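Structure record follows, encoded as structure tokens.
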Amino acid sequence: MVRENQYNKDDYKGNQAISNDYSETGYDRGHLNPSSFQCREGRIATFTLTNAAPMDACFNRNQWAKWEKNLRIFLRDKLKSDSATAYIVTGTVPDVNLRIPQSEISEEPERVTVPSHIWTAVCYKHHFDNRKSFSFGYMGANKPEGSISLMSVSNLNTQIKNLNRQLSEVSIFVDDCFHDNNKLDEVKVKFQTLINQQIEETQGVQMSSGMQNTYRTLKRAADSNIIPEKKLKLSEMTIKLAFDSMSTYYDAVKDLKVSAGSTCLITRVKPLVRSDLRKRDISGVSDAVECLLVPEKQMTTADGLPCSKFSDSSYSCQCETNGEIKSCCSTPCLYHDNLNSYRCYSGQTQIECSARYSLVTFKGEKCLDDHPCATYGNDYYWCKTISGGWDYCSPPLWRSKAKNGKYCRSDHACAKYGSGHMWCFTDDEDTYSNCCTSDDCNSAVNGQTCRSDHKCGYHGNDYYYHGFFHSED
């Protein structure tokens, strides 16, 4: 296992892909062994380029990601109640006429083959009762509107053979792993929601009418051979997502980072209207979120700065930015509930990190697109704004509580915002209060951590008691 850097990439790029092959191609480094199926060191190992295939960004982040998630849930629930083992094989069907990097954007040779299809096969082997064993597979076309079909393993074998135009038979599992147990209909029930949404899924994303017209025109041109299909390349697209609550947003973003190597930068937070506040009895919480889907930038410093130079070893990685050497994130920056902070891996070492999560300041002003909210070497979140200055951002904590027991607004978590104390707005009329800093109230307003047996609370008083706790038990 050798981590790629600017000094050694020329030594092995003749034998495998390198990161530069994917730059500005419109293709994701699609995981074959999904990172979401692993944990700890196993998850880090899935980010190697030998586990990646060029996957259309829209197909990878939308259709394929949802099927991966559904498969994980399905197998997890089955294995909880059964004494069984699930074997998963996943692969690609190469398109011999399509490679990256494209000659139009790079002087490097077109040497990494782009798959025409991606497939997954599952063998579920019960330990004691073979009647409960079964297998199935699914395959999808690697293009923006690519659909995914569920099928038997024997059918999948035939599909792979035909697409590869090979004479020899394909056999993923011995005897197709109990394919004759007739369990495929049972599996289809578990995947029925995705199957029913197939028409919507093939659209990939909701497109504006102008974009739809452009897409249809290009597709007709490709179908009639006016423009060869291999010359149609998606090099740039804009995808915006909307969530009805901040909690849903954070769950989805975590899954996007882990499963698809993407994040969604907040572009708008919509406060709840008064009627909604009364219904939910959560005073002043802003909930609805709109965000812009972008690639999750890795090889940045732990505080969010891009690397100008990069070096690594088996145990750590470092970035040089503005002449200063800093630790960098080699995996996504994710929130850890047990640590009450964001962490990533620098090589094999877990470090604190600054999540890039928003393009809006705490006052609602827009950040520059290439400078989202992060710490950037400071002890607060901020960004450069489109007006030319800079301003504070809300830290990415969506359940902060104020000293009076009210929840902070979701777009205004507890922070100093240039003041000498922690505070937040608690409603959409900018009513504010001093507050705890953590979403589960383990932190005092002075920044220290509460004792594990004495978290922030009223404790017999008419105010939140958190002024004299110590950072140690």
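The values are calculated or read from the model by the stated rules, or taken from the named source; none is laboratory data. Owing to the predicted nature of the structure, the values given are computational and were not obtained by experimental measurement. Virtual Cβ from ideal backbone geometry, glycine too; neighbours counted across all protein chains shown. These area figures cover heavy atoms from the full protein model, side chains too; ligands, DNA and RNA do not enter into them. Shrake-Rupley method; radii C 1.70, N 1.55, O 1.52, S 1.80 Å.
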Q. Could you state the principal axis extents of the C-alpha atoms in region 1-142, from the largest down, to the nearest angstrom?
A. 57, 30, 22
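Given Lys257/Lys326; Lys309/Lys401; Lys78/Lys240; Lys69/Lys326; Lys161/Lys240, which pairs have Cα atoms separated by over 29 Å? Don't jump to the answer; show the numbers that get you there.
Details: Lys257/Lys326 22 Å; Lys309/Lys401 40 Å; Lys78/Lys240 34 Å; Lys69/Lys326 34 Å; Lys161/Lys240 38 Å.
The pairs that break the limit, which is 29 Å between Cα atoms, are Lys309/Lys401; Lys78/Lys240; Lys69/Lys326; Lys161/Lys240.
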**Q.** Extension gain from Lys125 to Lys270, taking 0.36 nm per residue of separation minus the Cα-Cα distance
**A.** 47.4 nm
Q. Which value results when the Cα radius of gyration for region 313-393 is divided by 2.2 N^0.38 Å?
A. 1.21
Q) Once label points are set 7 Å from the Cα along Cα→Cβ at both His336 and Asn97, what is their separation, rounded to one decimal in nm? A) 5.0 nm
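Give the carbon-plus-sulfur fraction of the accessible surface of region 48-144 in %, rounded to a whole number; probe 1.4 Å, heavy atoms of protein chains only.
Values: 2050 of 4170 Å².
Answer for region 48-144: carbon and sulfur cover 49 percent of the accessible area.
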Q) Given the C-alpha centroids of region 354-406 and region 103-129, what is the distance between them in whole angstrom? A) 38 Å
Q.
Whole percent per 5 Å bin, from 0 to the bin with the longest distance: what is P(r) over all C-alpha pairs of region 20-66?
A. 5, 23, 28, 23, 15, 5, 0
Q. So if we plug the beta-carbon distance of Glu290 and Asn181 into 1/(1 + (r/R0)^6) with R0 = 60 Å, what FRET efficiency do we get, rounded to 0.05?
A. 0.80
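How long is the gain from Asp77 to Glu324 if the chain were fully straight, where each residue apart is worth 0.36 nm and the alpha carbon distance is subtracted? Intermediate values should be presented prior to the final figure.
Numbers: separation 247, 0.36 × 247 = 88.92 nm, distance 4.80 nm.
Taking Asp77 through Glu324 to full extension adds about 84.1 nm, to one decimal.
Can you work out the FRET efficiency for the pair Lys366 and Ser147, with r the C-beta to C-beta distance and R0 = 30 Å, to the nearest 0.05?
0.25
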**Q.** region 339-398, accessible surface, carbon-and-sulfur percent (1.4 angstrom probe)
**A.** 48 percent
